[in-house]
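Encoded as structure tokens, here's the structure I'll be asking about.
The values are calculated or read from the model by the stated rules, or taken from the named source; none is laboratory data. Just so it is clear, the structure is predicted and the values come from calculations on it, not from any experiment. Heads up, the Cβs are rebuilt from the backbone with ideal geometry, glycines too, and the neighbour counts pull from every protein chain shown.
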Amino acid sequence: VYHTPEEAPADQVPDCAIAIDVLRATTTIAAAFQAGAEAVQVFSDLDRLIQVSEQWPADRRIRAGERGGERVDGFDLGNSPLDHSRDRTQGRRLFMSTTNGTRCLERIQQAPLVMTAALTTRQATVKALLSKQPETVWLVGSGWEGSYSLEDTVCAGAIVHSLIDQTGLSFKELAGNDAAIASVSLFLQWQGQLLELMRHATHGQRLLKQHQLADLEYCAQLDVSDMVPVQREPGVLSV
Ligand code: MLT
């Protein structure tokens, strides 16, 4: 487990890397696929997003841009999972740029298997890991502009905890780092109060100030979606 993309060792590539941005990018990516998105293409740079998405038919694209929790001017959507419905999203490609989540994905995109995970997709992610059986797995929190975030770490802990539960392996056999053990402790303490934890989290508080309580409520749910977005070419995810 790495709390932020910056913590992940720059000179190593794992068999599988999983980006986590519970509030809200990876929760929103799963919600977009749940609503029938054809693919999600991520960008750290907004101008590049506009340039690439120009080449896509207007009725088959959605441009989603978020900075500081707010929708970027001129974009169709911000970064709320609640924006995605069959009517709006089915059959369309989501061109997406967010403050931290899309940067995290860019950082890990060299791994042979790249996935995204959220609390909403915890069990589906574990199932995918158990079926693909990669030897080394990184769970990488997006954090906030380089620093640790509670909600990403608790999600990593939920995944590690479920892996231990389902395989019967010990921490030692799983060979997780210190952050993996700490993340499981965080999950065990807060598993019954995930929404409460989000209210304490710095980014949760930022979203509450922007009147986004419904987003926190959605993102705090465990196992409500079986979507496991996988990178099929650099920066492009599908299910
Ligand atoms: C991010 O990528 O930093 C987040 O998803 C921000 C947000 O809540 O929109």
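Table: residues versus (1) in contact with a helix residue (DSSP H, G or I) (Cβ under 9 Å, 6 or more places away or on another chain); (2) among the aromatic types (F, W, Y); (3) over 17 Å from F43 (Cα atoms).
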site: Q55; (1), (2), (3): no, no, no
site: A58; (1), (2), (3): no, no, yes
site: G68; (1), (2), (3): yes, no, no
site: G74; (1), (2), (3): yes, no, no
site: L82; (1), (2), (3): yes, no, yes
site: G91; (1), (2), (3): yes, no, yes
site: N100; (1), (2), (3): yes, no, no
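Taking into account only those residues within the range 10-34 that are part of a strand (DSSP E or B) and β-branched (V, I, T), which is surrounded by the most Cβ atoms within 10 Å (Cβ to Cβ)? Show your work before the answer.
So in the range 10-34, the residues part of a strand (DSSP E or B) come out as 16-20.
From the residues that got through so far, the ones that are β-branched (V, I, T) too are 18, 20.
Details: I18: 28, I20: 32.
Per the stated criteria, the residue is I20.
Still on this model: Quick check: is even one residue across the range 132-144 touching a His at 6+ places or on another chain (Cβ under 7 Å) and either modelled with pLDDT under 95 or polar (S, T, N, Q) (or both)? Working first, answer last.
Within the range 132-144, the first condition is being touching a His at 6+ places or on another chain (Cβ under 7 Å), and the residues that meet it are 141, 143-144.
Still in the list and also either modelled with pLDDT under 95 or polar (S, T, N, Q) (or both): 143-144.
Checked the range 132-144: at least one residue is touching a His at 6+ places or on another chain (Cβ under 7 Å) and either modelled with pLDDT under 95 or polar (S, T, N, Q) (or both).
Sort through A124, A158 and tell me the only one that's closer than 27 Å to T202 by Cβ and within 16 Å of the chain's Cα centre (by Cα). Walk me through it before giving the result.
Numbers: A124 fails: closer than 27 Å to T202 by Cβ.
Going through A124, A158 in turn, the sole match is A158.
Could I ask something else about it? Give me the helices (runs of 4 or more DSSP H) completely within the range 36-136, filtered to those with at least 2 residues that are more than 15 Å from the ligand (Cβ to nearest atom) and of a type outside the set (S, T, Y), ordered by residue number.
Values: elements: 46-53, 86-89, 101-108, 122-132.
The qualifying helices (runs of 4 or more DSSP H) are 46-53, 86-89, 122-132.
Collect the residues in the range 192-216 that are farther than 30 Å from V52 by Cβ and either within 16 Å of the chain's Cα centre (by Cα) or aliphatic (A, V, I, L, M) (or both), keeping them in residue-number order. Break it down stepwise before answering.
Initially, the range 192-216 is screened for residues farther than 30 Å from V52 by Cβ, giving 192-202, 204-205, 208-209, 211, 213-214, 216.
Matches in the range 192-216: L194, L195, L197, M198, A201, G204, L208, L213, A214, L216.
Follow-up question, since we're still on this one. With respect to A25, is the statement that it is out of contact with any Leu (no Cβ under 6 Å at 6 or more places or on another chain), away from the ligand (no atom under 15 Å from the Cβ) and touching a residue at least 60 places away in the same chain (Cβ under 8 Å) true?
On the way: out of contact with any Leu (no Cβ under 6 Å at 6 or more places or on another chain): yes; away from the ligand (no atom under 15 Å from the Cβ): no; touching a residue at least 60 places away in the same chain (Cβ under 8 Å): yes.
Against the criterion (out of contact with any Leu (no Cβ under 6 Å at 6 or more places or on another chain), away from the ligand (no atom under 15 Å from the Cβ) and touching a residue at least 60 places away in the same chain (Cβ under 8 Å)), A25 does not qualify.
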